[in-house]
Amino acid sequence: MNHQALLTRAQSGQIDALNLISVETGFYMLEIQSAGQLHHLCDDKGQTLRIQSIEQARDLLRELPPLPFHLVHASAYDEMCGLSEGRREPMRVPLSMKSAIP
């Protein structure tokens, strides 16, 4: 989903939540939950948009109405040896869509 589609759907109430997914290589992807489906924010070429910071994400979202917005980070413990089996849920931290920087 591109930025314009995200804006249009958000303004019409079709977006349920946004997740800023932390990726191991030091960038973020924006995951969009809409009508039970997951989408990623894409650039004009249809490639997943690589977001460099939480502030850049907030800047991209500044025109959207308030939505549930979370930072999601996978647990490093899932990759460590010697730990008990079983899946650990990723860390989910609520974020404000508004920047703390005036």
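What is the extension gain from Leu60 to Lys98, computed as 0.36 nm multiplied by their sequence separation minus the C-alpha to C-alpha distance, in nm to one decimal?
Length gained, Leu60 through Lys98: 12.6 nm.
Could you give the length gained by full extension between Gln52 and Val23, i.e. 0.36 nm per residue of separation minus their alpha carbon distance, to one decimal place?
Gain on stretching Gln52 to Val23: 9.4 nm.
At a Förster radius of 35 Å, what calculated FRET efficiency corresponds to the Cβ-Cβ distance of Asp43 and Glu89, to the nearest 0.05?
0.75
Once both labels are modelled 7 Å past Cα along the beta-carbon direction, what's the His73-Asp16 spacing in nm?
That separation, rounded to one decimal, is 2.6 nm.
Using the count of nearby Cβ atoms within 10 Å as a rough guide to exposure, how do Leu71, Leu41 rank from fewest to most?
Leu71, Leu41
Just so you know, all these numbers are worked out from the coordinates, no wet-lab data involved. Note that the coordinates shown come from a computational prediction; the quantities given were computed from them, not determined experimentally. Neighbour counts are summed over all protein chains in view; Cβ atoms, including those assigned to glycine, are modelled from backbone coordinates with ideal geometry.
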